Amino acid sequence: MAREHTLILIKPDGLVKSLTGNILTRLSETKLEIAAAKMVRVSRELAEEHYKALKDKPFFEDLIKYIMGEFHERNKVLAMIYTGEGAIKKVRDICGATNPEEADAISIRGQYGRITTKGVYENAIHASANPADAEHEIKLWFKPDEIIFDVYPTKVVDVKIKERVWA
Ligand code: IDP
Ligand code: MG
């Protein structure tokens, strides 16, 4: 099995329900390594880029609002990268099916997910589905120096930036 990297998000419902510890405990069953972790405020731009493959779905607008935390008054997610052999499938298996009602009862989504009366699948966790998605998502959510391994090729460029500093 190849060494892989996968992007995991604990979604706003997972945070509001105080499930972070429970979900990390479930993920530790995979024996994978955490390569990066940070709290992220999710802009509409980031949300739409993350879910761009679903932009023609009828639930797209609600999905964007969901991941931006608009249904939970909490505009943040916990973003992490897990690394190891077969990481993508190992994490997907423990997450369970997309539809929380169809997910295995003891998977993370089976245990903690729900479908709202509006029809949004609030399934507590995101995990990359395949190596191409993982690369797109990891590069979208993280900069190379935020990850403790070299996951994809990098280059050094000169940039002129404005940075916010302590006043
Ligand atoms: P995944 O998260 O298992 O990879 P995707 O098809 O990529 O599933 O969908 C992304 C997210 O969109 C899901 O996790 C879920 O929150 C939401 N979603 C997917 N399909 C539906 C649907 O049919 N109705 C409502 N929400 C959905
Ligand atoms: Mg997906």
TODO: Give me the distance in nm between label points sitting 7 Å out from Cα along the Cα-to-Cβ direction at residue 149 and residue 130, one decimal.
DONE: 2.1
Task: Check: the range 59-167 dipole with +1 on Lys, Arg Cβ and -1 on Asp, Glu Cβ, in debye - done: 320
Task: Alpha-carbon Rg/Rh ratio, for the chain, with Rh computed the Kirkwood way - done: 0.97
TODO: For each of 31, 65, 155, count neighbouring Cβ atoms within 10 Å of the residue's Cβ, then give the residues from fewest to most.
DONE: 155, 31, 65
Task: Distance between the range 1-75 and the range 94-167 - C-alpha centres, whole angstrom - done: 5
Open item on the list: Based only on other Cβ atoms within 10 Å, what is the fewest-to-most ordering of 91, 40?
Closed with: 40, 91
Open item on the list: Can you give the local net charge around residue 66? Use residues other than it whose beta-carbon is closer than 9 angstrom to its beta-carbon, Lys and Arg +1, Asp and Glu -1.
Closed with: -2
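When a footprinting reagent is the concern and you count Cβ atoms within 10 Å, what order do 158, 150, 104 take, fewest first?
158, 150, 104
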Task: the chain: relative contact order in percent, alpha carbon pairs under 8 Å with at least 6 residues between - done: 32
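Taken together, the values in this text are just the output of simple stated rules run on the coordinates, not laboratory data. This one's a predicted model, so the numbers in the text were calculated from it and none came from an experiment. With ideal geometry, Cβ positions are generated from the backbone for all residues, glycine too; neighbour counts draw on all protein chains shown.
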